[in-house]
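Visitor: Okay, here's the structure, questions in a sec.
The values are calculated or read from the model by the stated rules, or taken from the named source; none is laboratory data. All values reported here derive from a predicted model rather than from experimental measurement. Virtual Cβ from ideal backbone geometry, glycine too; neighbours counted across all protein chains shown.
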Amino acid sequence: MKLRLFAVLGAASMLLAPLAQAEDASWTQAQQPFRIYGNTWYVGTHGLSAILITSPQGHVLIDGTLPGNAKLIEANIEALGFHMKDIKLILNSHAHSDHAGAIATLAEASGAQVSASQAGAKALMAGGDDPEDPQYGETAHYPPIARVGVVADGGSARVGNIEVQAHYTPGHTPGSTSWTWRSCEENRCLNMVYADSVTALGNKDYRLRDLKHPNREPEFRHTFDIVAGLQCDILMTPHPDASDFLEKVALRDQGKLPNPLVDTKACKTYADAARVRFDSKVQEELKRTH
Ligand SMILES: [Zn+2]
């Protein structure tokens, strides 16, 4: 009986959680795939990024978006003329359903290896059920990934001539990772950055200043410094609206010069805005506790 009740509650929360997360209709809205720069392509939905980096020896995919979006991502990749079976590696920004949910399906469809940060790998193999997650208990679970490799902080993952470097940027989740690589068009190579979410969000028990988690605040502040300091020509983020990415793409496609996607200050702007939001959250918290 107890087990049965638990199962019913579990099913109810599984139903509620994705509903709560899927509030934004843009997350499941189809998006025409397009070239970002050189061998870097956008294959996500309108509101959730999935990034494809291609080479003649195989491709890298970063993020899969929601579990129900796997078919949309596959269709986008094929529409560009690439093939699922040529994806050799799938990387993840952070192990929440809206970015990692479809990875198990996409890994199965392609046979690709999945890799993440150390903490990210653990959370992916648990299908997002991570007690260390600030939003623990309030995030949707998703199909777990059987095997996930680890890329060390500052280390690289390689497929053919593609080299993607990991920068651990914990805070939003313990395993949050930003990824960088270079993409070239003719003689111009640019520093591409897929910076993870840097927003502090947590469940009802979450505090930025928590005696039980003394590292929380310094870790976030270190992450802002890391992201701000990245060599950054084109910034992509898991939520494209966080950097007005699709608006910039539209302007670029209208022929606006210089290319609005290229902005060497974009990473710093993104990190600074997060730092301001973080500081005001700390202030709010102090007001509540005094
Ligand atoms: Zn998240």
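Visitor: Tell me yes or no: at least one residue of the range 150-166 is within 15 Å of the ligand (Cβ to nearest atom), farther than 19 Å from Gly44 by Cβ, in contact (Cβ under 8 Å) with a residue 24 or more places away in the chain and in a loop (DSSP other than H, G, I, E, B).
Guide: Scanning the range 150-166, I find no residue that is within 15 Å of the ligand (Cβ to nearest atom), farther than 19 Å from Gly44 by Cβ, in contact (Cβ under 8 Å) with a residue 24 or more places away in the chain and in a loop (DSSP other than H, G, I, E, B), so the answer is no.
Visitor: Here is a follow-up. Could you please tell me which pairs satisfy a Cβ distance under 8 Å, a separation of 6+ or placement on different chains, a first residue in the range 125-142 that is of a type in the set (Val, Ile, Thr), and a second residue that is part of a loop (DSSP other than H, G, I, E, B)?
Guide: Matching pairs, first to second residue: Thr139/His96; Thr139/Gly128; Thr139/Asp133.
Visitor: Does Leu201 satisfy the condition of being within 20 Å of the chain's Cα centre (by Cα) and touching a residue at least 60 places away in the same chain (Cβ under 8 Å)? Before you say what the answer is, go through the steps one by one.
Guide: Working: within 20 Å of the chain's Cα centre (by Cα): yes; touching a residue at least 60 places away in the same chain (Cβ under 8 Å): yes.
Answer is yes for this residue.
Visitor: Select from the range 106-136 the residues that are more than 14 Å from the ligand (Cβ to nearest atom) and at pLDDT below 95 and list them in ascending order.
Guide: Pro131, the sole residue that qualifies.
Visitor: Moving to a separate point now. Does Tyr270 qualify as being in contact (Cβ under 8 Å) with a residue 24 or more places away in the chain and either surrounded by 18 or more Cβ atoms within 10 Å (Cβ to Cβ) or in a strand (DSSP E or B) (or both)?
Guide: Taking the combined requirement at face value, the residue satisfies it.
Visitor: A further question follows. Return the residue satisfying two criteria in turn: it lies in the range 167-205 and is assigned to a loop (DSSP other than H, G, I, E, B) and charged (D, E, K, R), and of such residues it is nearest to the ligand (Cβ to nearest atom). Can you show your working first?
Guide: In the first step, residues of the range 167-205 are kept if they are assigned to a loop (DSSP other than H, G, I, E, B); the result is 169-176, 186-187, 195-205.
Within this subset, residues satisfying the condition of being charged (D, E, K, R) are 186, 196, 204-205.
On the way: Glu186: 37, Asp196: 9, Lys204: 17, Asp205: 17 Å.
Out of the qualifying residues, it is Asp196.
Visitor: Hey, another quick one. Here is a check on your reading of the model: is Tyr194 surrounded by 18 or more Cβ atoms within 10 Å (Cβ to Cβ) and touching a residue at least 24 places away in the same chain (Cβ under 8 Å)? Explain how you work it out, then say what you get.
Guide: Working: surrounded by 18 or more Cβ atoms within 10 Å (Cβ to Cβ): yes; touching a residue at least 24 places away in the same chain (Cβ under 8 Å): yes.
So Tyr194 passes the test.
Visitor: Kindly list the number of the only condition in (1) closer than 21 Å to Thr199 by Cα; (2) of a type outside the set (A, V, I, L, M, F, W, C); (3) not in a loop (DSSP other than H, G, I, E, B) that fails for Thr139.
Guide: Checking Thr139 against (1) closer than 21 Å to Thr199 by Cα; (2) of a type outside the set (A, V, I, L, M, F, W, C); (3) not in a loop (DSSP other than H, G, I, E, B), the one that fails is (3).
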